[in-house]
Each structure stands twice: as structure tokens, then as C-alpha cells.
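Only one structure is covered here, and it is reproduced in the block below.
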Amino acid sequence: MIYDELGAFFAWWHQTRHFMPPTSGDVVRITDNSTSNIIYRAGRFQVQQVIMTPNSMITSHRHPNVDSIVLYGSGDMTFHRNDDPVFVGINCGQDLLRIGPNDWHSGEYGPRGGVFYTVQHWLDGAPGLVIDDWVFRDKNETKKNRSL
């Protein structure tokens, strides 16, 4: 893993598993196929837990203001980064994937659904829910996640 600001924050959070959700503003977002929950925020860094329903997918997209590390929690999942399938989902709390602000990525979740944590460094200095910092790869796409 690259040792930079995000790498240092990830190493600290991964060891401590510190929980400190924001005391104001949106902390939970529920869609048809997902629930996102901010479990830690301090300055430009935060950790978000994402729970995907069984047999669902996340459309190819990027987050232009977020550098992140995705950490596998549980379930059946396959991530794609820049058109390469990257399987994440064998070792709970150990399998991870770095996703930069220019990386196109998507995910597919099997019969058990999937849980992952996204450890984030917000480059514009204003953390929020990553589902709001979203650029679709396919300009005609309108749904961020859906059933398979």
C-alpha cells in the first residue's frame, strides 16, 4: 500500500477501529439496494460502511473528490477497477483495494450480499456521503445501484 496521508489514516483506523460518527448532518443513506453509514469522521478523513443487498450491483462510476481504500467486511463481492475485475472478499478485515479519484469502479454482490468499508480522504476538504460525489461512466446511466 502507498504510504501517504490516506495510507497513514487507514493504518491507524484499521488498528483502532475507532468509531466517531458526525454529530450533525447526514450520516445514513438508504437506496433500493444499499445502506451507507458514516462511522468515523475527523477533518478530511472518514470511514463509511456500505451494506449491499443480495444479487445487486453498483454501476461504473468515480468519486472525483475522494481518494479511498475499500476494505472487505463480509458477503459475496467482486469489484472492478478501470475495467479489471479485482475480487475482494476472502479475508474479512484484510482484503483491500485502493481506489483513486480518477479510477472507474463498480461492484457486483452475490446471494449473500456484501458489506465493505470505504476509508476516505476527501481532497476538497468537505467530507460527505460518497454517493453524492459521483460521476457516472456511462453518461446515459441514472441508477447508482440496482438488482442483477
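Readers should treat all values here as calculations from the given coordinates under stated rules, not as data from a laboratory. Owing to the predicted nature of the structure, the values given are computational and were not obtained by experimental measurement.
Length available on full extension from Asn55 to Asp124: 0.36 nm per residue minus the Cα-Cα distance, which gives 21.5 nm.
Which angle from 0 to 90°, rounded to the nearest 10, does the C-alpha axis of helix 5-16 make with the longest principal axis of the chain? Here the helix axis deviates by roughly 90 degrees. Global dimensions of the range 1-53 from alpha-carbon coordinates: Rg and Dmax equal 12.6, 36 Å. Each stretch of four or more DSSP H residues adds -39500 (n - 2.57); spread over every residue of the chain, this sum gives -2500 deg cm²/dmol at 222 nm.
Need the full-extension length gain, Asn102 to Phe19, defined as separation in residues times 0.36 nm minus the C-alpha distance. One decimal, nm. Provide the component values of the computation, followed by the final result.
Values: separation 83, 0.36 × 83 = 29.88 nm, distance 2.82 nm.
Net length gain for the segment: 27.1 nm.
Each part gets one Cα centre, and for the range 105-141 versus the range 1-68 those centres are 9 Å apart.
May I ask you to work out the translational diffusion coefficient for the chain at 37 °C, viscosity 0.692 mPa s, via Stokes-Einstein with Rh from the Kirkwood sum over Cα pairs, reported in whole µm²/s? Don't skip to the answer; put the middle values down first.
Details: Rh = 15.3 Å.
D = 215 µm²/s.
Just Gly113, Gly73, Gly125 to compare: in a GNM of the chain, with alpha carbon springs under 10 Å, which one fluctuates most? Result for the chain, Cα springs under 10 Å: Gly125 fluctuates most.
Once you have the Cα-Cα distance between Asn37 and Ser147, take 0.36 nm times their residue separation minus that, and quote the gain in nm to one decimal.
Working: separation 110, 0.36 × 110 = 39.60 nm, distance 2.04 nm.
Net length gain for the segment: 37.6 nm.
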